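The values are calculated or read from the model by the stated rules, or taken from the named source; none is laboratory data. Treat the numbers as computed from the prediction; the structure is a model and nothing was measured. Note: ideal-geometry Cβ built from the backbone for every residue, glycine included; neighbour counts use all protein chains shown.
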């Protein structure tokens, strides 16, 4: 198998960028991804123009640090401002699709989508019954029978 393409500077920078961007998922902090972007910028620059290793490293560092300083705060703020799904679910009504009771997982229809659900109620929930969503854990809705 011919791996001579791995000796090309653009390919090395591209692969380094890919590794750094993937590493961001394993390491919290939202920093490494910007160095991945810098590596990809260096790869693009090397593809466009024949550059010395020194200039490649300068491009990598300048782009990495600039994007880090300009964009990190915005990305972190955006991540912290994700909407709380509690308002989207809790207090809303859903229809029971599959019979269930306390200790078992059933199925309810909410906003046109089928969801797994469980209840703390001793009451058997039958298909067609209406329930109120009182919480959720991961993708399982916590429901209680509607009491009107």
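Go through 25, 60 for me and flag whichever is at negative phi and loosely packed, with under 13 Cβ neighbours inside 10 Å. Going through 25, 60 in turn, just one is at negative phi and loosely packed, with under 13 Cβ neighbours inside 10 Å: 25. Would it be correct to say that residue 40 is farther than 24 Å from residue 7 by Cα, modelled with pLDDT of 90 or more and surrounded by 15 or more Cβ atoms within 10 Å (Cβ to Cβ)? When the stated conditions are applied, residue 40 does not pass them. Residue 147 meets the conditions (1) farther than 29 Å from residue 15 by Cα; (2) part of a helix (DSSP H, G or I) in every case but one. The failed one is (2).
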